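Reviewing the structure listed below.
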Amino acid sequence: MKWLLENPAQIWSLTLEHLYLSLIPTLAGLVVALGLGLVFGNRPRARTIITAVASAVFTIPSLALFVVIPSLIGTQILDPLNVVIALALYSASLLVRTVFDALDAVAPEVLNAAEALGYSPARRRLFVDLPLALAPLAAGTRVAVVTNVSLVSVGAVIGVGGLGQLFTSGYQRNYPDQILAGIIMILILALVFDRVIAVAARLLTPWLRQRNGSESGARAMRNSSGNGASAAMQAPGAVGS
């Protein structure tokens, strides 16, 4: 903890790099997953193939992917772009199933109503299905971004890893305080990202808050009615008077 407080400039620099290596891949993966979900969500055969490929990609070890990508796209081994591409693939693989499931969760009566109003399939997907799928999409995105925040540190093994460089440096120097500083900052970043996405999703889905409020109110009314009836039954003279 002492090292963390004594080196704010280095921490800030590594944190900015970690932000770049975490956020850009998450956004890129989300865009790819949304595109695949919106286009192929209603095509069972294509959907099955996409899901299988995504599952296979996600099983590839991250370090192996960091090393293989330069030979595929011609970048240098220490180019941060390698980490960005690898984590974007992981994000898309993780999110594509979430997108499919989120779009499937939209109530059929809502889809029928949109079609009755004259929405084309593409317009309905964008302006009806997608907004109503925001809540489960946000949950999946929270998992993806937290996963990326953690995986970025693996890139430190090849010299690109943001705060993960504190792990390799601390290990080489036998300096646990530096390693602890990296763990603390990565944990803080993950918690901040998780909360920001959760709050944003809540603000973008006001109808869910209204529904939850209505359900809570209805539940409270039922409870109060039940308590009132019980009190009336237990009151002196309520029975046999």
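The values are calculated or read from the model by the stated rules, or taken from the named source; none is laboratory data. Just so you know, these numbers come straight off a predicted model, no measurement behind them. Cβ sites come from the backbone with ideal geometry, for glycine too, and all protein chains shown count toward neighbours. For accessibility, only protein heavy atoms count, side chains too; no ligands or nucleic acids. Shrake-Rupley method; radii C 1.70, N 1.55, O 1.52, S 1.80 Å.
With the structure loaded, tell me whether residue 60 is surrounded by 13 or more Cβ atoms within 10 Å (Cβ to Cβ), part of a loop (DSSP other than H, G, I, E, B) and of a type in the set (A, V, I, L, M) or whether it fails that test.
Details: surrounded by 13 or more Cβ atoms within 10 Å (Cβ to Cβ): yes; part of a loop (DSSP other than H, G, I, E, B): yes; of a type in the set (A, V, I, L, M): yes.
Spelling it out, residue 60 is indeed surrounded by 13 or more Cβ atoms within 10 Å (Cβ to Cβ), part of a loop (DSSP other than H, G, I, E, B) and of a type in the set (A, V, I, L, M).
For the stretch 82-101, does any single residue satisfy the condition of being open to solvent by 50 Å² or more (accessible area, probe 1.4 Å), in contact with a Ser or Thr (Cβ under 7 Å, 6 or more places away or on another chain), assigned to a helix (DSSP H, G or I) and of a type in the set (D, E, K, R)?
The answer is yes, given that some residue of the stretch 82-101 is open to solvent by 50 Å² or more (accessible area, probe 1.4 Å), in contact with a Ser or Thr (Cβ under 7 Å, 6 or more places away or on another chain), assigned to a helix (DSSP H, G or I) and of a type in the set (D, E, K, R).
I'd like to know if the stretch 96-119 contains one or more residues that are at pLDDT 90 or above and within 16 Å of residue 25 (Cα to Cα).
Yes; the residues of the stretch 96-119 include at least one that is at pLDDT 90 or above and within 16 Å of residue 25 (Cα to Cα).
So, of the residues in the stretch 142-168 that are within 19 Å of residue 188 (Cβ to Cβ) and among the hydroxyl-bearing types (Ser, Thr, Tyr), which turns out to be surrounded by the most Cβ atoms within 10 Å (Cβ to Cβ)?
153
Kindly evaluate residue 30 against the criterion of being over 13 Å from residue 87 (Cα atoms), surrounded by 16 or more Cβ atoms within 10 Å (Cβ to Cβ) and in contact (Cβ under 8 Å) with a residue 60 or more places away in the chain. I'd like the intermediate steps shown before the answer.
Values: over 13 Å from residue 87 (Cα atoms): no; surrounded by 16 or more Cβ atoms within 10 Å (Cβ to Cβ): yes; in contact (Cβ under 8 Å) with a residue 60 or more places away in the chain: yes.
Here the answer is no, as residue 30 does not meet what is asked.
Which residue pairs have Cβ atoms under 6 Å apart, sit 6 or more places apart or on different chains, and have a first residue in the stretch 33-61 that is without any contact (Cβ under 8 Å) to a residue 12 or more places away in the chain and a second that is surrounded by 13 or more Cβ atoms within 10 Å (Cβ to Cβ) and in a loop (DSSP other than H, G, I, E, B)?
Note: no pairs meet the criteria.
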